[in-house]
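A quick write-up on the structure given underneath.
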Amino acid sequence: MPITNQRAAAHAFLGELYADTYFPDHVLDRGRAILLRLCERIEAERPVDLAALYVLTRAATEEFNLLEAEFEAAGSEIETVAREEIGADFWFVASAYGFPDADMEELIATRDW
């Protein structure tokens, strides 16, 4: 399902991480796919409030939790720079879909990275 939100469709997810060779592109591609699926789910399910949005973002965060092992296998990790970039992209998604008051920590509350 193509993303219809123009802001989300045009956004360069994980852009700062792609610019840093410490983070392997093939793993970042999987992370970018998680964020795009989150956009698709938001468009399909249309959460009506922050609680409903947090359910979706936490599910996507769980996917990033699983991705940590792939970062490590590639000689990388989700460290401070990556955590901030991933968290900022979650907040960007929330904002793009009409939830500018979303709390970035709540969006990724289930993270273990």
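The values are calculated or read from the model by the stated rules, or taken from the named source; none is laboratory data. Everything numeric in this text was worked out from a predicted model, so none of it was measured. Cβ coordinates were reconstructed from backbone atoms using ideal geometry, including for glycine residues, and neighbour counts include every protein chain displayed. Accessible surface is based on the protein model in full, side chains and every heavy atom, while ligands, DNA and RNA are left aside. Shrake-Rupley method; radii C 1.70, N 1.55, O 1.52, S 1.80 Å.
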>> Just the residues that are in contact (Cβ under 8 Å) with a residue 12 or more places away in the chain and open to solvent by 60 Å² or more (accessible area, probe 1.4 Å), please, taken from region 51-69.
In response: 58, 62, 63
> What pairs come up if the first residue lies in region 89-113 and is over 13 Å from residue 58 (Cα atoms), the second is modelled with pLDDT of 95 or more and exposed (fewer than 15 other Cβ atoms within 10 Å of the Cβ), and their beta carbons are under 6 Å apart, counting only those six or more places apart or on different chains?
Replying inline: 96/7
>> Suppose we filter 30, 41, 46 for residues that are touching a residue at least 24 places away in the same chain (Cβ under 8 Å), open to solvent by 70 Å² or more (accessible area, probe 1.4 Å) and over 10 Å from the mean Cα position of the chain (by Cα); which single one remains?
In response: 30
> When you go through 78, 86 one by one, which is the residue that is in contact with a helix residue (DSSP H, G or I) (Cβ under 6 Å, 6 or more places away or on another chain) and open to solvent by less than 10 Å² (accessible area, probe 1.4 Å)?
Replying inline: 78
> Do you know which residues across region 70-88 are in contact (Cβ under 8 Å) with a residue 60 or more places away in the chain and within 10 Å of the chain's Cα centre (by Cα)?
Replying inline: 85, 86
